[in-house]
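S.K.: Below is the structure I would like to discuss, written out as structure tokens.
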2 protein chains.
Amino acid sequence: MKPTVHDIAAHAGVSLATVDRVLNGRAGVRAPTRERVEAAISALGFVRDVAAANLAKGRIYRFTFILPANDNSFMIGLRRQVEEAIQWAGRERVSIRIVDVPAFDDAALAAALEQAGEDAIDGIAFVAVDSGAVRDVVERLAERGTILVTLVSDLAGSRRHHFAGIDNIAAGQTAATLMCRFLGARSGKILPIAGSLQVQDHRDRLKGFSDHVARSYPCRALLPVVEGADNPERVAALLREALRHREDIAGIYSFGAGNRGLLTVLEEGRGQEAPVVIVHELTEISRQGLLGGRIDAVLNQDAGHEVRSALRVLKAGADGAALLAAQERIRIDIFLKENLP
Amino acid sequence: MKPTVHDIAAHAGVSLATVDRVLNGRAGVRAPTRERVEAAISALGFVRDVAAANLAKGRIYRFTFILPANDNSFMIGLRRQVEEAIQWAGRERVSIRIVDVPAFDDAALAAALEQAGEDAIDGIAFVAVDSGAVRDVVERLAERGTILVTLVSDLAGSRRHHFAGIDNIAAGQTAATLMCRFLGARSGKILPIAGSLQVQDHRDRLKGFSDHVARSYPCRALLPVVEGADNPERVAALLREALRHREDIAGIYSFGAGNRGLLTVLEEGRGQEAPVVIVHELTEISRQGLLGGRIDAVLNQDAGHEVRSALRVLKAGADGAALLAAQERIRIDIFLKENLP
DNA sequence: CTGAAAGCGCTTACAG
DNA sequence: CTGAAAGCGCTTACAG
């Protein structure tokens with residue numbers, strides 16, 4: 001049988017309370033006593049039953065997810081994943097609260113972080129927007145021991161404990177390789193469509209893409225990037241405009257949201273050979289595009305994985321436990337029509 | 001506060017023991033009493049604390065993983081994942097045993113299943129080999145309530161509860177699309193290299209690949225498949241032979257193990273344009289091949305995901321709980337040099 | 001058919 | 001600085 005606190009107490013000749021003090025590193029135990037207990041722990045190979053400890057403590061993990069009130073499919077999906085986690089969490093002594101903030105609003109995010117910090121909770125997951133105000137709060141909360149996890153969009157160089165998201169530079173490079181290999185010998189240029197270059201993710205994707213094309217496929221030219229503001233109508237307008245002015249668009253790399261607009265325009269067709277199209281995030285729209293053959297590949301980050309990973313990291317952080325880095329790495333999924341989940 | 005069994009007992013005017021009987025569906029409760037308890041449960045919105053229940057019961061989940069004693073990197077990795085899970089399992093009241101069987105030996109597998117079944121355990125995960133004997137044992141164990149999960153290789157049409165693995169037909173189709181798109185206008189044929197066509201996985205991959213090429217890229221010809229027996233030396237010999245006899249090999253799809261042999265031959269170079277190479281399973285070898293540019297894409301199933309998913313399914317099955325199908329679907333990963341984890 | 005009491009492994013006031 | 005006792009939410013013999 002696995003040893004319990006009783007075995008340790010007996011072996012060390014002390015009471016349960018003392019074993020508990022040593023186990024939890026609480027003060028008020030004389031060094032020799034502490035050593036006897038520690039000796040017993042390692043002699044018997046004791047490992048504490050965390051479930052039992054949590055039961056006794058009435059421990060409830062309190063986490064807050066700060067999510068942008070953004071209406072694109074990806075963010076809606078992310079939110080749904082958090083909501084699903086809330087269901088599950090109820091049975092597992094973890095309580096999750098969702099706090100909404102306007103999208104891309106750093107002041108609002110800073111305020112929300114501040115507020116969440118007031119609530120004396122164990123940890124916060126949030127979609128980062130980079131600014132001095134946000135960095136200040138993060139610094140202060142980290143100092144106070146709150147576990148902070150960035151979700152989808154990182155705040156590199158800050159004291160957040162972990163980033164649950166993908167490497168967007170690598171994602172851009174991946175898109176570049178796929179695009180250029182799919183284009184093969186075909187001539188023509190590539191049109192990059194961003195959501196907003198104010199956001200780190202999009203900047204990274206563009207950088208990864210442009211650099212990789214320049215380095216590995218130097219003959220392939222890129223058109224100037226356009227910003228669709230994650231808005232289908234705007235994306236459609238920009239794309240129509242671009243296609244009217246240029247006959248030589250052979251590829252489109254859309255790395256923001258608003259792909260409904262993209263598909264609308266693509267479906268208008270124009271007699272010419274269809275461009276190679278690569279977009280980000282698997283949504284109902286991009287899935288349809290893939291199945292219908294208008295989209296050639298979708299790069300994806302799995303919102304479910306991100307949320308569950310963030311929760312594991314938050315919990316491990318709250319317990320002061322280590323975590324398997326390999327298990328928490330979020331993959332850059334490549335989906336073709338054939339390997340759609 | 002969340003209601004506990006005490007609240008239910010008080011509300012229904014019965015003792016804890018009776019609440020427990022109803023909660024666990026045990027016999028010996030008069031219908032009216034049972035109904036009072038059930039009313040209390042739904043009135044208070046009670047959900048049982050599984051951790052506390054397991055503590056009280058001293059419940060330990062007992063699972064057995066039956067793994068082929070196969071020395072290829074993928075199987076070694078799979079085994080390592082199970083071993084890692086064993087570490088974690090100790091703290092979570094689950095006990096996992098690994099049982100080895102010779103690879104591709106259905107009689108041995110049937111015997112191992114039989115034996116594991118004797119041990120009165122909760123569930124078994126196993127890499128299936130298809131045969132009547134295996135199907136018989138599976139049928140019998142399922143009948144007796146043992147939870148059975150196939151791992152990596154399925155036993156379709158049997159009474160196993162779940163398959164933790166990928167859709168290999170879809171994997172073959174995915175390889176076909178990537179191969180033909182990467183080849184583009186380049187002429188030449190594709191050489192398929194199997195491990196063994198005795199195994200369902202490999203047959204499925206070949207079928208998915210061949211059918212998809214025939215359907216979507218009808219001008220592209222396939223050479224007859226060769227079987228490398230998952231053995232690097234044999235793969236190397238077969239490939240050298242093929243390259244000597246044919247000058248027109250433009251693509252290689254290797255969907256078994258033994259890719260060390262493949263890389264050795266590719267590195268010999270031969271002045272001609274290098275073929276497009278797609279292989280299965282991300283291992284140290286295939287990673288090197290990808291980074292070195294000899295391999296163009298790796299299709300992968302994540303052994304860690306498969307093992308952890310199998311465990312979740314086994315546990316849920318043992319608890320009679322439902323599971324999120326979406327969360328348990330194993331992805332067909334596509335790795336290029338750029339999105340390598 | 002139903003209940004009182006002890007116990008799972010750990011923690012927490014409270015005394016001393 | 002240390003310990004005896006009660007309790008977390010649930011289950012299990014044992015009595016009746």
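S.K.: Quick one: order B:SER196, B:SER131, B:SER187 by neighbouring beta-carbon count within 10 Å, fewest to most.
M.R.: Working: B:SER196 17, B:SER131 14, B:SER187 10.
By the 10 Å Cβ count, ascending: B:SER187, B:SER131, B:SER196.
S.K.: Select from segment B:1-109 those trypsin sites (Lys or Arg not before Pro) which occupy a DSSP coil region and have at most 16 other Cβ atoms within 10 Å, ordered by residue number. Numbers along the way, then the final one.
M.R.: Numbers: sites: B:ARG21, B:ARG26, B:ARG30, B:ARG34, B:ARG36, B:ARG48, B:LYS57, B:ARG59, B:ARG62, B:ARG79, B:ARG80, B:ARG91, B:ARG93, B:ARG97; in loops: B:ARG26, B:ARG30, B:ARG48, B:ARG59, B:ARG91, B:ARG93.
When the trypsin sites (Lys or Arg not before Pro) of segment B:1-109 are filtered for loop state and at most 16 Cβ neighbours within 10 Å, B:ARG26, B:ARG30, B:ARG48, B:ARG59, B:ARG91 remain.
S.K.: For chain B, give the share of DSSP beta bridges that are antiparallel, in percent and rounded to the nearest 5; count only bridges with both residues there.
M.R.: On the way: 3 of 37 bridges.
So the antiparallel bridges amount to about 10 percent of the total.
S.K.: If you take the C-alpha gyration tensor of chain A, multiply each eigenvalue by 5 and take the square root, what semi-axes do you get, largest first, in whole Å? Spell out each step's value before the answer.
M.R.: Values: eigenvalues 503, 81, 59 Å².
They are 50, 20, 17 Å, listed largest first.
S.K.: Tell me, what is the percent relative contact order of segment B:168-300, built from C-alpha pairs under 8 Å that lie six or more residues apart? Intermediate values should be presented prior to the final figure.
M.R.: Details: 248 pairs, mean separation 35.4, N = 133.
It rounds to 27 percent for segment B:168-300.
S.K.: If you look for lysine pairs in the protein assembly as shown that are eight or more places apart or on different chains, how many of them have Cα atoms under 27 Å apart?
M.R.: Within the protein assembly as shown, the lysine pair count is 25.
S.K.: Would you order B:ASP122, A:ASP333, B:ASP106 from fewest to most other beta-carbon atoms within 10 Å of each residue's own beta-carbon? Don't skip to the answer; put the middle values down first.
M.R.: Numbers: B:ASP122 20, A:ASP333 23, B:ASP106 16.
Neighbour counts put them in this order, fewest first: B:ASP106, B:ASP122, A:ASP333.
S.K.: A follow-up question, please. Which whole-number percentage describes the relative contact order of segment B:1-100, with Cα contacts under 8 Å and a sequence gap of 6 or more? If you can, show how the numbers build up before the last one.
M.R.: On the way: 79 pairs, mean separation 25.4, N = 100.
Here the relative contact order equals 25 percent.
S.K.: Specify the angular offset, from 0 to 90 degrees and rounded to the nearest 10, of the alpha carbon long axis of helix A:168-183 from the longest principal axis of the alpha carbons in chain A.
M.R.: 30 degrees
S.K.: Let me ask another. Test of understanding: ordering A:GLU268, B:GLU338 by Cβ neighbours within 10 Å, fewest first, what list do you get? Intermediate values should be presented prior to the final figure.
M.R.: On the way: A:GLU268 11, B:GLU338 22.
Starting with the residue having the fewest Cβ neighbours, the order is A:GLU268, B:GLU338.
S.K.: Here's a follow-up. What is the calculated FRET efficiency for A:LEU324 to B:GLU284, with r their C-beta to C-beta distance and R₀ = 25 Å, to the nearest 0.05?
M.R.: Details: r = 19 Å, r/R0 = 0.76.
E between A:LEU324 and B:GLU284, to the nearest 0.05, is 0.85.
S.K.: Take every residue in peptide B:327-338, count the Cβ atoms of other chains within 10 Å of its Cβ, and give the average of those counts. Walk me through the numbers on the way to the answer.
M.R.: Details: counts 4, 0, 1, 1, 8, 8, 5, 10, 4, 9, 4, 16.
Mean inter-chain Cβ contacts per residue within 10 Å come to 6.
S.K.: If one computes the Cα centroid of segment A:148-183 and of segment A:63-141, what distance in Å separates the two points?
M.R.: Rounded to whole Å, the Cα centres lie 19 Å apart.
S.K.: Also: Can you list, shortest first and in nm, the gaps between the label point of A:SER187 and those of its counterparts in the other copies, using a point 7 Å from Cα in the C-beta direction?
M.R.: 2.3
S.K.: Working from Cα positions, state the angle (0 to 90°, nearest 10) between the long axis of helix B:73-90 and the longest principal axis of chain B.
M.R.: 20 degrees
S.K.: Also, I was wondering about something else. In whole percent, what relative contact order does chain B give with Cα contacts below 8 Å and a gap of six or more residues? All intermediate terms of the calculation are to be shown ahead of the outcome.
M.R.: Values: 569 pairs, mean separation 47.9, N = 341.
That works out to 14 percent.
S.K.: Can you give the FRET efficiency for B:ARG159 and A:GLU143, using 1/(1 + (r/R0)^6), R0 = 45 Å, r = Cβ-Cβ distance, to the nearest 0.05? Write down the numbers at each step before the final one.
M.R.: Values: r = 56 Å, r/R0 = 1.25.
In this case the efficiency is close to 0.20.
S.K.: What trypsin sites (Lys or Arg not before Pro) in segment B:259-304 are in a loop by DSSP, with at most 12 other Cβ atoms within 10 Å of the Cβ? Please report the intermediate quantities before stating the final value.
M.R.: Numbers: sites: B:ARG260, B:ARG270, B:ARG287, B:ARG294; in loops: B:ARG270, B:ARG294.
Passing both the DSSP loop test and the Cβ count: B:ARG270.
S.K.: State, to one decimal in nm, how far the label point of B:ARG26 lies from the label point of A:ARG59, with both points 7 Å from Cα in the Cβ direction.
M.R.: 3.0 nm
S.K.: Spin-label point model (7 Å from Cα, Cβ direction): what's the B:GLN200 to A:ALA214 distance in nm?
M.R.: With each label point 7 Å from Cα toward Cβ, the separation is 5.1 nm.
S.K.: Using 1/(1 + (r/R0)^6) with R0 = 22 angstrom and r between the beta carbons of A:GLN115 and A:ARG91, what's the FRET efficiency to the nearest 0.05?
M.R.: On the way: r = 27 Å, r/R0 = 1.24.
With R0 = 22 Å, the Cβ-Cβ based efficiency is 0.20.
S.K.: If you take each beta carbon of peptide A:132-145 and count the beta carbons of other chains within 10 angstrom, what is the mean? Let's see the in-between values first.
M.R.: Values: counts 0, 0, 0, 0, 0, 0, 0, 0, 0, 0, 0, 0, 0, 0.
Mean inter-chain Cβ contacts per residue within 10 Å come to 0.
S.K.: Go ahead and estimate [θ] at 222 nm for chain A from helices alone: -39,500 (n - 2.57) per DSSP H run with n ≥ 4, summed, over the residue count, rounded to 500.
M.R.: Values: 14 runs with 169 residues, N = 341.
After summing the helix terms and dividing by the residues of chain A, the value is -15500 deg cm²/dmol.
S.K.: Let me ask something else about it. Specify which residue in the list B:LEU239, A:HIS305, B:GLY145 is farthest towards the positive end of the charge dipole of the protein assembly as shown, using unit charges on the beta carbon of Lys, Arg (+1) and Asp, Glu (-1), about the Cα centre.
M.R.: Checked the options; the winner is B:GLY145.
S.K.: Return one number: the angle in degrees, 0 to 90 and rounded to the nearest 10, between the long axis of the Cα atoms of helix A:132-144 and the longest principal axis of the Cα atoms of chain A.
M.R.: Once rounded, the angle reads 20 degrees.
The numbers here are math on the coordinates, done by the rules we state, and not lab data. Please read these numbers as outputs of a predicted model, since none were measured by experiment. Note: ideal-geometry Cβ built from the backbone for every residue, glycine included; neighbour counts use all protein chains shown.
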